[in-house]
Amino acid sequence: MKRQKKKTIKLANVLAPLIFLAAIIGLLEIYVAVSGIDARILPAPHVIFGKLFNRFGRDLSRDFFYTLKVILTGYCIAIPGGIGLAAICSQSKLLSKAITPVIILMICIPMLTVVPILVLRMGLVIQVRIIAVVLQALPVICLNTLSGFRKVESSKIELFRSVGASRWQIFTKLIFPNAMPQVFTGLKLGCIFSTIAAMGADLAAGNSGLGTKISAYSGSLMTDMAYATIIVVALIGIILFMVVAEIEKKIVVWIK
Amino acid sequence: MSFKNICKVFDKGNDEIVVLDDISFFVREKEYLCIMGPSGCGKSTLLKIAGGIEAPTLGTIEWKGTEYKNGIPKQQLKNFGFVFQQHNLLEWRTVYKNLHLNLEIFNLKGEEWEKRIMEMLKLVGLEAYPNIYPHELSGGMRQRTGIARALVHNPDILLMDQPFGALDAITRKTLSYEMLNLWKKTQKTMLMITNSVEEALLVSQRIIIMNKQGKIVYEIDNTIPVEARNESIGSNEEFIKLRKKLDGIVHDIQK
């Protein structure tokens, strides 16, 4: 009975966002058909999806893999970087206070403004985009992780003191696992920030990548292809987010 | 184990708060000693000092013939097991892994220690739940896990800070009887803080009472025979006499 109920809840959790999305697409389809809006401004969703299926392999796949590589490489560097920086900061209140404003500043800076400066120094290389992703994802992972590292109940610290645990043991067996929910919040936000940063980098240093494609299609009034590319970008972010959320469910089992 | 002239002073801004004022007492081997006192009298601080969690400002602790000035050193903590008021289990570890934590910290490896985890779980009636997470357990079961964890590394002395304080009345009573049985079975030295007169009379051999100023004001020998400590203890003459005496003392020190 309980298992059946769990299954129903799980199914409802999957279906609810899909139904909501289908409703938006349906409404958009009706709006475009009824309003007679110019297809160069807002193409019908079925046209956008048609273009996506027909032309993805030919026109978008190369840039898709390029952007995916940028996002994944940058994100994979940002994870240990962000968590490592948070671990260092958590060892000293003063260091933590000194670094936090810089981290917030980094989160606030749009990569669109930083990439041209990086290009001036490094040229139009893929590393510039990866650095942009790292600079955007690392601070958000770090800030959330740091907040998790600070939220340790004093009674838990006393438990570890009562058995004479070392600082390293307290960190690895208490502070780090205790912070896992916040670490995963940072990782999930990091997925979104990585995708946004990669797009910003593409737009500012455009010779390849999905952001460059969006810019090019919009410029030549191929709005349907521009939207199709935006969907691909959104899908990268969503899938990355979902993968991390699934890993979180497997690891953070104590929070329902 | 004996405590000699223990003082604990906390700095609060420009003020100094004396929590423990010249506390001296001893705990006999295999004895079940209870400490009682009003809230804020420093009994939890005293237990933390006994368990090496905090160091005294002044005074010494004598343990196994050695006097320690700055509290119990790390290498001696293996001899102590600490039970907290709230279960204090690690939510991300199963019951088994929570017990395993002490073995990891004390570096106790080998099959005999792994076996001991199951023995301790059996002792507290949780042998069927080794792979359950704390959030899936009831309050009483969590506290039992906390007790099993404190015993798993086979300490000489068990320190308990109001271990049943956060539980409902029925579970509290059940666990008090279980604790008494546990003491009979394991013959460990037990030092327990409690705010319940009945609980103290049921389990202890001696009761120390502190006042609000952080001083020991009474020491009472619990003369109720161990055989009489069962469900009908309430009708035992000695119990009635001691309860009346303790109720009076507790009432007096609250003033």
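A few comments on the model shown:
- Its alpha carbons considered, the protein assembly as shown gives a radius of gyration followed by a Dmax of 31.7, 99 Å.
- Extension reserve of the B:N5-B:S138 stretch, reckoned as 0.36 nm per residue once the Cα distance is removed: 43.8 nm
- The HN-Hα couplings worked out from phi for region A:177-191 by the Karplus form 6.51 cos²θ - 1.76 cosθ + 1.60 (θ = phi - 60°) are x, 5, 8, 3, x, 6, 4, 5, 4, x, 5, 5, 5, x, 4 Hz, whole numbers, x standing for Gly and Pro.
- Distance (nanometres) between label positions extended 7 Å along Cα→Cβ at B:N70 and A:I19: 6.6 nm
- With Cα atoms, 0 to 90° folded angle of helix A:223-251 axis to chain A main axis: 20 degrees
- Of A:K7/A:K249; A:K6/A:K173; A:K5/A:K249; B:K8/B:K215; A:K188/A:K213; A:K7/A:K188, pairs whose Cα-Cα distance is over 21 Å: A:K6/A:K173; A:K188/A:K213; A:K7/A:K188
- For the pair A:K7 and A:L235, a Förster radius of 25 Å applied to the C-beta separation gives a FRET efficiency near 0.40, rounded to the nearest 0.05.
- Global form of chain B, assessed from the alpha-carbon gyration tensor, a/c cut-off 1.5: oblate
- Between B:K97 and A:L221, the modelled labels are 6.1 nm apart [label points 7 Å from Cα along Cα→Cβ].
- Of all aspartates and glutamates in the structure, the ones whose alpha carbon falls short of 20 Å from that of B:K122, not counting any fewer than 8 places away in one chain, are B:E111, B:E112, B:E114, B:E136, B:D156, B:E178.
- Loop-resident trypsin sites (Lys or Arg not before Pro) (DSSP state other than H, G, I, E or B) in region B:83-119 with no more than 12 further Cβ atoms inside 10 Å of their Cβ: B:K109.
- Bridgeable aspartates and glutamates around A:K151 (alpha carbons under 18 Å apart, same-chain partners fewer than 8 residues away excluded): B:E91.
- Our estimate of slack between A:I88 and A:T100, defined as 0.36 nm per intervening residue step minus the Cα-Cα distance, is 3.1 nm.
Just so you know, all these numbers are worked out from the coordinates, no wet-lab data involved. These figures come from a predicted structure and were not determined experimentally. So basically every Cβ, Gly included, is an ideal-geometry build from the backbone, and we count neighbours across all protein chains shown.
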